[in-house]
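**Student:** The following block contains the structure, expressed as structure tokens.
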Amino acid sequence: MTNKDRLISLLGFSPANNHAIDGALTDAGIDGSEVYDGGNIVQLKNAAIEIMELLLSTPDVSNTEGQAIKYDRNAVLARIKQYKTDLGIIVEERATITAKQPW
């Protein structure tokens, strides 16, 4: 398995084009074609976080067959949170307000 394959496995999906993956690997200083050996898991998880955060800011799209491609936003957020926790990155919890029905 290559570093690129491992990054895709961390994402849980393979993007339609690999520009985001290639860019994240380059930014992390990792050669995607080299054999994955476990020594750069921290850099790969950081790259996965970067790509998933990019995904969250991308609108749903249609593929070449005209089918809509949608991702489960909550699942992506949960995966980002898990990787940040694994890496010791502080995850800021957002406050929520719950209102009671007045009648």
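**Student:** Show the residues, 5+ positions off or on another chain, whose built amide H is closer than 5 Å to the amide H of T2.
**Tutor:** Residues meeting the criterion, in which the H sits 1.01 Å from N, are Y36.
**Student:** Under the rule of -39500 (n - 2.57) per DSSP H run of 4 or more residues, summed and divided by the residues of the chain, what mean residue ellipticity at 222 nm is obtained, to the nearest 500 deg cm²/dmol?
**Tutor:** Calculated mean residue ellipticity at 222 nm is -14500 deg cm²/dmol.
**Student:** Between V42 and A75, 0.36 nm times their residue separation minus their Cα-Cα distance comes to what? Walk me through the numbers on the way to the answer.
**Tutor:** Values: separation 33, 0.36 × 33 = 11.88 nm, distance 2.07 nm.
Full-extension gain reported as 9.8 nm.
**Student:** Could you derive backbone 3J(HN,Hα) for the stretch 83-90 from the dihedral phi with the Karplus parameters 6.51, -1.76 and 1.60 (θ = phi - 60°), listing whole Hz in sequence and x where the residue is Gly or Pro?
**Tutor:** Result, ordered by residue: 5, 5, 5, 4, 8, x, 7, 5 Hz.
Where a number appears in this text, it was derived from the coordinates with a stated rule and is not lab data. Here the structure is a predicted model, which is why all the values come from computation and not from measurement.
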